[in-house]
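Data first, discussion second: the structure below is written as structure tokens.
Each reported figure results from applying straightforward, stated rules to the coordinates on display, with no laboratory input. Note that this is a predicted model, so its numbers are computed, not measured. Neighbour counts run over all protein chains shown; Cβ positions are idealised from the backbone, glycine included.
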């Protein structure tokens with residue numbers, strides 16, 4: 001590390017990875033297969049075909065191929081907004097007075113405001129390749145919906161977005177960005193689907209959840225000719241596409257001979273976390289390196305730290321496949337009180353397996369502490385972070401402060417997944433000191449766990 | 001141009017310019033001096049001292065020093081968000097089917113969302129160096145106010161922002177970003193100043209203007225101990241700081257042996273335009289090169305194309321110095337109908353002189369045409385542009401389409417000053433087809449010109 005580390009490490013366009021990394025190929029314990037809730041058997045390509053795009057299904061079920069070539073058209077699109085910088089947080093280090101060296105991979109420099117575009121463009125590409133008319137999806141905080149709108153606009157595909165109602169209301173301008181890119185946006189639950197009608201009949205005042213919105217989007221896809229459903233998180237294919245984050249991070253670190261001790265990411269469904277950490281965990285799986293990997297989740301939706309590792313539906317409507325994952329139960333409704341994304345009841349099956357096998361630890365943090373970290377970060381590093389990303393900032397700051405106490409010069413890398421420009425309602429609550437924390441009680445979780453499906457394999 | 005041009009040209013941090021360029025040093029006809037409205041004589045450092053910061057006043061009045069060393073602390077801050085990329089608009093070129101080669105210098109990758117931070121950090125630095133408690137300012141679209149909030153937060157200075165009322169209402173979230181960075185924001189005109197009270201008494205329903213807000217901010221500064229006024233545009237010092245844009249652009253172009261034919265920028269008060277084009281016009285002034293330089297302004301506030309080149313007040317309240325500039329009259333109120341910034345009645349005296357001397361041409365464009373260009377650009381280049389920046393996009397597209405007709409392979413460089421994430425009310429109007437254009441009538445302008453101050457020099 002003789003060379004001076006710049007504030008921002010940018011790769012050249014030639015250094016952008018041309019392959020995605022499939023961590024499953026290196027996992028001794030593969031993630032448990034998705035189960036067809038009708039037959040109780042592992043899902044096949046035929047089962048998936050009516051719901052998802054063909055090529056994506058192959059990626060979904062492939063536990064063996066270590067690297068997937070990124071199609072040229074996607075590589076080209078990546079150059080529109082990638083490489084993303086790996087930033088040395090000199091200003092934050094100084095403000096904290098820590099001997100730790102802090103880096104963050106910043107994925108927010110594009111109009112979707114987050115890393116979601118990495119998978120959106122891949123999924124839109126394969127949909128177009130299959131000759132589809134359009135795709136349906138759900139969005140929570142709105143980042144995935146925006147990313148998909150941008151990707152569909154690029155490939156001239158129709159894009160129908162079901163947006164979790166509380167986000168739709170909290171983030172009025174998100175809808176307008178999606179419209180500018182030509183998408184249709186419906187607040188969920190809605191009366192446009194059978195499952196939406198059913199949920200509204202049972203819970204008329206619900207503010208929605210990702211689980212509900214997924215059910216609606218899936219129903220809309222399977223009942224419309226020439227449409228498929230696409231998803232921005234949880235799935236193996238999404239983690240695959242998102243490894244561009246971790247691979248770029250590795251390349252940037254290697255360029256300056258930096259060896260991280262700790263990799264930190266926020267965890268909702270796992271798209272950012274999996275994308276960032278998979279290539280590093282791959283090194284651990286192959287016995288080449290050892291890292292402390294930390295998943296950070298909201299205390300209001302704590303699937304890793306308080307969930308069960310069990311088969312569960314990916315959606316509230318219980319029409320999606322069953323996945324073995326850390327889950328709070330598909331009927332768990334996170335408090336509307338919680339700002340931003342990370343509201344999904346479950347977790348990526350790949351990350352669930354890796355966590356179960358001890359390759360990661362997890363921490364749950366409360367949102368007022370998260371916004372304190374967000375504000376501190378914004379004021380010294382200049383970037384107004386998304387609430388989701390700020391979960392990772394919180395723990396990165398905590399770890400850097402521990403280093404201050406112990407004097408350890410640890411190298412911390414965290415994922416800064418996006419910007420908070422559409423989260424100003426939440427920032428306003430924090431600035432006005434009206435923000436509160438909500439943590440589910442043990443009774444609430446027990447009630448939710450009691451509704452887990454019974455699956456024996 | 002044998003080397004392949006990447007999608008984004010990033011300079012290394014060592015290549016970021018360490019000096020600002022003062023175009024006045026190369027101008028044969030210097031911009032006319034600012035006039036003290038009390039004495040009718042050119043302003044001296046003593047006149048300026050109660051209003052502006054000391055070192056900034058020296059920069060303001062210096063017509064001779066060709067380059068100013070950028071203080072180390074500012075250079076360090078620049079590395080937080082600079083260098084900004086010079087982007088080759090391959091996607092836009094393809095969509096237009098033009099043989100033209102289009103580049104844009106993108107200044108929006110920071111939380112202020114624009115180039116304004118380049119001067120904000122410089123002005124905050126000199127205020128801190130002088131030992132001041134805080135600064136006051138006005139903001140139109142909110143980008144300058146956000147930038148100044150960020151800069152003041154970095155140097156722990158108090159920041160009081162008067163925000164043009166129609167922007168305050170159109171952009172509720174801007175205020176929250178400024179608050180997150182610790183600023184106080186007041187809609188202007190307000191009852192907190194004498195000039196605000198006077199304007200409200202005369203025009204109770206006014207939606208404000210930059211001119212009003214400037215008057216209020218200046219009054220607040222001169223009546224508060226330890227405060228000075230800072231301004232995000234128009235002034236010579238601001239253009240000086242903003243030359244970092246043009247200098248970086250030149251360095252990036254030279255790196256790949258690219259010779260532009262045309263430089264295009266949007267024009268409000270002149271901060272972006274001046275910053276981008278000064279170094280290029282410098283080459284013209286020194287007889288080293290020839291470029292077509294185009295200023296693009298809104299048809300609703302057309303100071304270059306329909307204004308008078310005359311001495312005028314910089315503010316509506318007529319308490320600021322007089323500047324010789326292209327002006328619509330300090331009493332001209334641009335329609336509230338117009339989205340975003342570029343609402344200033346006057347123009348930078350430096351740019352006014354250069355325009356008067358034939359180094360630039362100017363075009364006025366209507367906002368519906370501007371938003372058409374913005375949407376087209378967003379869909380292919382991925383970035384949702386600010387309405388201000390989209391004025392430059394409009395003319396860049398028009399020029400690229402002319403090349404398509406003539407077959408000319410011109411190289412076009414334009415300034416993409418910022419992002420439109422806080423302009424979604426305007427995008428919504430455009431998407432809903434409720435946006436209209438407003439162009440002042442000749443009678444309105446004549447009435448405004450009649451109120452120009454009588455100054456003989």
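Going by the alpha-carbon gyration tensor, a ≥ b ≥ c the square roots of its eigenvalues, is the stretch B:342-457 rounded (a/c under 1.5) or, if a/c is not under 1.5, prolate (a/b greater than b/c) versus oblate? Because a/c hits 1.5 or more and a/b fails to exceed b/c, the stretch B:342-457 counts as oblate.
As a rough guide to protection, the peptides A:30-43, B:440-453 ranked by mean Cβ packing within 10 Å, highest first, stand as A:30-43, B:440-453.
Shielding of peptide A:108-114 by partners, expressed as the average count of other chain Cβ atoms within 10 Å per residue Cβ, is 4.
The Kirkwood hydrodynamic radius of chain A, based on inverse pair distances between different Cα atoms, is 21.7 Å. Once the gyration tensor of the Cα atoms in the protein assembly as shown is diagonalised, the equivalent ellipsoid follows with semi-axes of 48, 27, 27 Å, ordered largest first. Net length available on complete extension from residue B:64 to residue B:41 is 6.2 nm, with 0.36 nm assigned per residue and the Cα-Cα distance removed. Compute the distance from the alpha-carbon center of the stretch B:87-166 to that of the stretch A:265-283, in whole Å. Cα centroid of the stretch B:87-166 versus Cα centroid of the stretch A:265-283: 34 Å apart. Taking the convex hull of the alpha carbon positions in the stretch B:43-150 and averaging its projected area over all directions gives 9.7 nm².
Packing around the peptides A:245-251, A:141-147, B:168-174, taken as the average count of other Cβ atoms within 10 Å per residue, puts them in this order, highest first: A:141-147, A:245-251, B:168-174. The order of B:80, B:325, going from fewest to most other C-beta atoms within 10 Å of their C-beta, is B:80, B:325.
With viscosity 0.692 mPa s and temperature 37 °C, the Kirkwood radius over alpha carbon pairs of the stretch A:54-102 converts through Stokes-Einstein to a diffusion coefficient of 223 µm²/s. Compared with the dominant Cα axis of chain B, that is its longest principal axis, helix B:236-255 is turned about 10°.
With a Cα-only, solvent-free Debye model of the stretch A:185-317, what are the log10 I(q)/I(0) values at q = 0.19 Å⁻¹? Result of the Debye calculation: -1.11.
The alpha carbon gyration tensor of the stretch A:275-434 gives principal lengths a ≥ b ≥ c with a/c of 1.5 or higher and a/b no greater than b/c, which makes the shape oblate. Per-residue mean of foreign Cβ neighbours for A:165-177 is 3 (Cβ atoms of other chains, 10 Å radius). Computed from the C-beta positions of residue A:432 and residue A:29 and an R0 of 45 Å, the FRET efficiency is 0.40 to the nearest 0.05. Computed from the C-beta positions of residue A:292 and residue A:18, the FRET efficiency with R₀ = 41 Å rounds to 0.90.
Cα-based values for the stretch B:225-300, radius of gyration first and Dmax second, are 14.3, 52 Å. With kT/(6 pi eta Rh) evaluated at 25 °C and eta = 0.890 mPa s, and Rh the Kirkwood radius from Cα pairs, the stretch B:203-247 diffuses with a coefficient of 195 µm²/s according to Stokes-Einstein. Note on B:148-155: average number of Cβ atoms from other chains within 10 Å of each residue's Cβ is 2.
Ranked by the mean number of other Cβ atoms within 10 Å of their residues, highest first, the peptides B:265-271, B:195-201, B:106-112 fall in the order B:265-271, B:106-112, B:195-201. When residue B:71 is represented by a point 7 angstrom out along its Cα-to-C-beta vector, the spacings to that point in the other copies are 5.4 nm, nearest first.
Quick check: from the Cα gyration tensor, does the stretch B:331-408 come out rounded (a/c under 1.5), prolate or oblate? Here the stretch B:331-408 falls in the oblate category. Summed over all non-identical Cα pairs, the Kirkwood treatment of the stretch A:123-205 gives a radius of 13.1 Å.
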